[in-house]
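**Q** Supplied in structure tokens, the structure appears directly below.
Nothing in this text is a laboratory measurement; each read-out follows from the coordinates by a stated rule. If you're wondering where the values come from, they're calculated on a predicted model, not measured in any experiment. As a convention, Cβ positions derive from the backbone with ideal geometry for all residues, glycine included, and neighbour counts pool all protein chains shown.
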Amino acid sequence: MRPQALAADALDLADLREHIDTALTDFLCSPSSRVPAQSRRPHGGHDLDRALAWYVLAPGKRIRPLLCLIGWHTVRCGRQSAGESTALRLAASLELFHAFALIHDDVMDGSERRRGAPSAHRAFAVRHGDRADAEAFGRNLAVLLGDLALVRCDEILHSAGLTEGQYRVVLPLVDTMRNEVVLGQYLDLRAAGPPGGDTSLALRVVRLKTARYTVERPLHLGAVLAGAGAGLLEACSAYALPLGEAFQLRDDLLGVFGDPAVTGKPVAEDLRSGKATVLMALAVRRATRPQARLLRRFVGDPCLDEEGAAAVRRVLEVTGARTTVEQMISTRYAAAVAALEQAPFLPRAAEALRRIADSAVTRAA
């Protein structure tokens, strides 16, 4: 039921998510009739196809495909049409690309859990626990599962019904997005380890891995599909970049101070991996010598226990790093909302983006 607080013509975000899930379910669970005959996969599928459907269709925020659809609505009226079907498949392709990125990310980081469930490589290792090489076999299968997600991403994208003109504007943006997220992941991996005080590097990773990948490029893709020009794309960026940074800064706080029952991953995971966050960089720059020694001792230790994690949290608190990150989130949220007020978006899209901004900075997961 539509909440009474929304105007009659407002975009229903829950409804959009449901349409995205339907598009993903149709493609992953009955794909042979939805792709060109020459591109159809082997008859009967295989275990990886079933595993991919389970992984992708698990409950999630669907933030990237959702923003893609809202980007399309910044220009279009959103009535049922062939154009909306194309927009849905483009949006769904982003969720498949995200599955590829998450699965490989968890392998690289050795993450045990994702979205409240075992990560893909852990689930495979448990499933094949009777093998002597169960751990390595689980990682290998997860790499293949991520590869398959990327293949399926391209399949649904190229069967979305894009016109030649839409291909010319959409595909370069897709390529740009992919290059940015790979570069961001590389920088993230390179910076991980003993904590350092380079806030500029941490912010660059935030911009590449989240601000552009999670918010700006999905909005751009939906907008260019609908025929947006340069001015509207600039307005998308003015909103997306500060909001994306706020989103990641909140994520970094949740990774250290969040509730594992809500976030779906161990609260000390970022500390054990030595993730180079703005939060940690600020603490390192402000730490006393004893505090700096404590951070070097515990951050990046894969065997970090809860007592050590609590000691790190105290340093993050007393140095004011946590408070500063909260202030950075507020400043960026205000910039995103101010950009919305100047943007030439259709009102229903602007209102939906405002709701997304509100939830992005106040979320607990």
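**Q** Per 10 Å bin from zero, what fraction in whole % of the C-alpha pairs of region 119-229 is there, up to the bin with the longest pair?
**A** Bin by bin from 0 Å, the calculated values are 12, 27, 29, 23, 8, 1.
**Q** Here's something else I'd like to know. Of 186, 55, how do they rank once you tally other Cβ atoms within 10 Å and put the fewest first?
**A** Least crowded to most crowded, the residues run 186, 55.
**Q** Shifting gears a bit: Cross-link candidates for residue 209: which aspartates and glutamates have Cα within less than 14 Å, leaving aside residues fewer than 8 places away along the same chain?
**A** Within reach: 105, 180, 188, 245, 251, 252.
**Q** A further question follows. Relative contact order of the chain: what whole-number percent is it, with Cα pairs under 8 angstrom and at least 6 residues apart?
**A** Across the chain, relative contact order equals 20 percent.
**Q** Which of 337, 278, 182 has the fewest other C-beta atoms within 10 Å, and how do the rest follow up to the most?
**A** Fewest-to-most Cβ neighbours within 10 Å comes out as 182, 337, 278.
**Q** Relative contact order of region 111-220, please, whole-number percent, based on alpha carbon pairs below 8 angstrom and at least 6 residues apart.
**A** Details: 59 pairs, mean separation 19.3, N = 110.
Computed over region 111-220, the figure is 18 percent.
**Q** Starting with the fewest neighbours, write out 164, 306, 180 ranked by other beta-carbon atoms found within 10 Å of each beta-carbon.
**A** 164, 306, 180
**Q** Next question. Using bins 10 angstrom wide from zero, how does P(r) for region 265-365 break down, in % of all Cα pairs?
**A** Bins of 10 Å from zero give 14, 36, 24, 17, 9, 1 percent of pairs.
**Q** Compute the semi-axes of the equivalent ellipsoid of region 196-334, taking the square root of 5 times each eigenvalue of the Cα gyration tensor, and list them largest first in whole Å.
**A** One finds semi-axes of 33, 15, 12 Å for region 196-334.
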